[in-house]
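Notes for the one structure printed next.
All of the numbers you see were taken from the coordinates with simple rules; none came from a lab. Treat the numbers as computed from the prediction; the structure is a model and nothing was measured. Every residue, glycine as well, gets a Cβ built from its backbone with ideal geometry; the counts of neighbours run over all protein chains shown.
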Amino acid sequence: MTVQDLIDRAQDELRVGIRWLICSTGSPLKCSDAMAAAGIQDGDILTAIARKAALYSSSRAFALVRVNGTVLTWGFLGGKRCSAPEDLRNVDKVEGAAEAFAALQADGSVLTWGSPQWAEGSCLQPDVQNAKEILATGGAFAAKIEDGSTVLWGAYMREELEALGFRSRLTDLQDLEATAHSMAARLADGTVFSWGRNELGLILQKELSEKATQMKATERAFAAVLSSGSVVTWGDADYSGDSEHVQEQLHDVRHLQSSAAAFAALRSDGTVVTWGHSRFGGNSADVQSQLRDVQLVQATADAFAVILGDGSVVTWGDASAGGNSQAVQEELKSVERIESTCAAFAALLVGGSVVTWGDTSCGGDCNTVKEQLQDVLLIRSTSFAFAALRRDGRVVTWGCPAAGGDSSSVSEELKDVNQFHPAHLAHRRARGLKRSRELGQKKSWDRSRSKPAALEKSKASGITEELNMAVAAFAARLREAFDEAGLDGQKCEFDEASGQMILHGDVTRVVPVGMLFAHFAACKDEEARNKLVTAVLEAFVDGRADAPHELRSCGDRLLPQLWPLSKPLARRGLDKSARVLCGCNGVL
């Protein structure tokens, strides 16, 4: 019997999706290990980390990872209706490239599927084991292996890497960006190099002399933000590869965004600098006076949209591709997040409603599902369609039917996605499979009794209270740091009931403390804890955390740097502490 078998058994018994099991020492158990090899004995109490449903996308299809670790897809890849392999199990994450998906399973293996080229020829996936993360961009995938190495597969990959001698240097990969013919990689130390071919088939090579903190790509050019806050560009000048005429303005840059042939740089003072082809948003002169206190920049292929500090939106570029939002301008208030397809925008408002504009065939008109777009938590997009996940666990889609906008064939599967359904019965759901009870808590599981551990016993031990106090202490530390930074007079409040820290100011923002607390609690000493608090603060100040899920993403990026300073944490809390540690705002 393997750890995976135990997870399957526990899921069916508890009716809760389980991401992984934690032993009493605080270490995660490898799913492929036999029980004996993992050192599990009768009477041991294991902690199960709950899994919530997650939504991913490729260029023309969506993928939903259910709470039981199986995958549901809809849309088209390579001209064929997209369907996930039946042998996918206990999936942790899915990434989408142009015409394919790759799934990272809990045992560290990776499986790719999609258009025919991903099953044969140059895009054939190599054997990937012990992967800890997967990345995707353009027509390629990358798997980060536990030993620090990287495995790449897909378009313009193996031959160019070997020819340029880059393959052995791809360690501690952080980011990938792709143009139509080439690719760039950024490593953990800030090193950036690119490879591939131009439109004439010539092999290209570029390596930056200065370390970078971020990269973006248009169809034929790259841009990178350097550690100094300046920006360097390379590639086709007609596609914004030449930024010389705005170079003096490119300082204190904290974020880059790109359309098909233009870049927009968000500076620390909240202003925006653009360059590239004017038809693709490279000229923002008409709205430049409005680009003040910019919080977030988003782009379609031909236009840009920004969220200002007061929650309003400014757009420019091709009007037919989202560059003109006048028709919905009165509705664009208290905007929290903007997502985009190739020619339309969808704005998520603070109250959970959605406003769209742009090309109607690409999701710019949501009137047919407008009444369903309430209490929306997040929005995802393919190149031509949107999908929204609601608080009640329902998924709503609109846009091009052939690119994920029509989910009628799987509509029964897209209800109550955060409820547990046994994997071996998943195919029967459309025939009326009885609903299971809601997921929402982390559970401790005593394998000697094959049922949930008694809640009262845990409460009596005082563990829950101690963890609650620790979370509150961490929130206080963060609040103190934010107050000292004087973020425009924003006031901080920690809500113990939800495990969130709320920042009150011109725009109310919610910081999910729970995920970052797990890192904080695992740190060995005060110096390491201070380092985490400082990093979180800097991430917020630098604009990398303009929305709650971006701060959670920030926590993910921080973990590799912080883990060497920390020790395993035995997560044994239940009740409210459990929700804070693993559940309310995303599973750690």
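Remarks
- Other-chain or far-sequence residues with amide H under 5 Å of Ala84's (modelled H): Thr73
- The C-alpha radius of gyration of region 1-145, expressed as a fraction of 2.2 N^0.38 Å, stands at 1.11.
- Note on Lys415 and Val350: the extension gain reaches 21.1 nm, defined as 0.36 nm multiplied by sequence separation minus the Cα-Cα distance.
- The Ser24 and Glu371 beta-carbon pair, evaluated with R₀ = 60 Å, returns a calculated FRET efficiency of approximately 0.75.
- Net +/- balance of residues flanking Lys30 in space, Cβ distance below 11 Å, scoring K and R +1, D and E -1: -3
- Using 0.36 nm per residue and subtracting the Cα-Cα separation, the extra length available between Gln41 and Gln288 on full extension is 82.3 nm.
- Placing pseudo-labels 7 Å out from each Cα toward the beta carbon at Asp5 and Asp147 gives an inter-label distance of 2.9 nm.
- Distance between the pseudo-spin-label points of Ala237 and Ser408 (7 Å out from Cα toward the beta carbon): 5.2 nm.
- Val350, Val253 arranged by Cβ crowding within 10 Å, fewest neighbours leading: Val350, Val253
- Net charge over other residues, Cβ less than 10 angstrom from the Cβ of Ala385 (K, R count +1; D, E count -1): +1
- Two-site FRET efficiency, Val328 against Lys132, from Cβ-Cβ distance with R₀ of 51 Å, rounded to 0.05: 0.75
- Along region 96-101 the Karplus relation, 6.51 cos²θ - 1.76 cosθ + 1.60 evaluated at θ = phi - 60°, assigns HN-Hα couplings of x, 9, 4, 10, 7, 10 Hz to successive residues, with x for each Gly and Pro.
- Extension gain, Asp392 to Asp252, is 46.3 nm, computed as 0.36 nm per intervening residue step minus the present C-alpha separation.
- For the residue pairs Lys52/Lys144; Lys52/Lys216; Lys93/Lys144; Lys144/Lys216, alpha carbon separations beyond 18 Å are given by Lys52/Lys144; Lys52/Lys216; Lys144/Lys216.
- Placing one equal scatterer on every Cα of region 228-327 and applying the Debye formula, the log10 ratio I(q)/I(0) at q = 0.10 Å⁻¹ is -0.23.
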